[in-house]
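Working notes, structure below.
Here, each number is a calculation from the coordinates, and none is a lab measurement. Computed from a predicted structure; not experimentally measured. Neighbour counts run over all protein chains shown; Cβ positions are idealised from the backbone, glycine included.
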Amino acid sequence: MSINERATRTTREGTNMAQTARADTTDHHPFDTNLSGVAHPDRRYRRRPALIGLGVGLLATCGAGAAYLAQSSGDTVAVLAVAQTVHRGQVIDAGHLTTARAAPDPALEPVAADDLEHIVGQRAATDLAAGTLLSATSVTSVSIPSTGQSVVGVAVTQAQLPHHALVPGDQVRVFGTPNPGDTPPTDARDAFREGTRATVVDVSGPLDSGYVVVDVLVTADVAGTLVAQVATGRIGIALDAPQAAGEAEEEP
């Protein structure tokens with residue numbers, strides 16, 4: 001065999017060996033990422049009609065609730081509310097009131113906020129607590145004093161007043177007191193009869209003189225007598241319970 005034929009044969013044998021090696025190293029099984037050898041199910045997201053329906057229902061419910069709240073808030077109206085406590089018989093001013101929103105209710109008879117100027121200057125028909133709505137029956141335009149009545153200013157010191165603060169509407173009695181050194185009345189019933197029944201209209205703060213002026217409403221026939229008693233300075237004011245004052249009026 002010639003040298004050329006031997007070289008050609010060697011080349012062919014090398015080529016066949018390389019092809020055989022490549023064939024033997026070919027991986028007919030791709031690399032398995034599942035090292036544990038446990039097969040996992042194919043996880044693919046699937047549409048679930050039940051959950052989709054539930055989501056749509058929730059959205060519809062939320063939308064309906066928002067619409068209801070919007071409509072409800074739109075149904076409210078501006079009304080007057082009490083910002084500061086006002087006692088019965090006290091004159092109402094703008095500082096006593098504020099505005100609030102409430103649903104219209106004929107049973108409550110709230111006063112519209114636009115009627116503020118008509119309310120200011122009227123008197124409270126009953127005690128008005130701060131934070132409550134003002135109703136049409138809470139105020140009165142009845143003037144004080146009315147026919148057959150008089151308002152008398154009673155100037156007294158703190159010692160001549162109850163420690164309990166007097167407020168408009170309180171039922172009181174104004175008593176004449178003896179001169180210093182005189183023997184006080186021994187019959188409590190007679191002393192009670194001497195008192196002048198009155199209703200507190202207003203109470204001033206302490207004046208520079210140290211006196212407090214209590215405006216009281218009395219019947220016109222006793223106004224002169226009360227004024228004369230006040231002029232002497234020998235008077236005292238007692239606070240009565242409303243029912244006690246009513247019972248006292250029935251006494252002979």
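Want the number for Ser143 to Arg234: 0.36 nm per residue separation, take away the alpha-carbon distance, what's left?
Using 0.36 nm per residue and subtracting the Cα-Cα distance, I get 29.7 nm.
Just subtract the alpha-carbon distance of Asp93 and Glu194 from 0.36 nm times their residue separation and send over the number in nm, one decimal.
32.7 nm
If R₀ is 22 angstrom, what is the calculated FRET efficiency for the pair Gln122 and Ala102, using the beta carbon separation as r and rounding to 0.05?
0.60
So between Glu109 and Thr183, what do we pick up on full extension, going 0.36 nm a residue minus the alpha carbon distance?
The Glu109-Thr183 span can extend by a further 21.0 nm.
Where does the charge balance sit around Gly153 when Lys and Arg score +1, Asp and Glu -1, over other residues with C-beta under 10 Å from its C-beta?
Working: positive: none; negative: Asp202, Asp215.
It works out to a net charge of -2.
Within a 10 angstrom radius of the beta carbon, how do Val86, Val222, Val139, Val77 rank from fewest other beta carbons to most?
Final ranking by Cβ density, sparse to dense: Val77, Val222, Val139, Val86.
Of Thr85, Gln122, Leu133, which is farthest along the charge dipole of region 75-140 in the positive direction, counting Lys and Arg as +1 and Asp and Glu as -1 at C-beta?
Most positive-ward Cα: Thr85.
Once R0 is set to 35 Å, what does the formula 1/(1 + (r/R0)^6) return for the Cβ-Cβ distance between Leu207 and Ala136, expressed as a FRET efficiency to the nearest 0.05?
Taking R0 as 35 Å, the efficiency between Leu207 and Ala136 is 0.40.
Please list, short to long, the whole-number percent of alpha-carbon pairs of region 75-140 in consecutive 5 angstrom bins beginning at zero.
4, 20, 33, 27, 12, 3, 0
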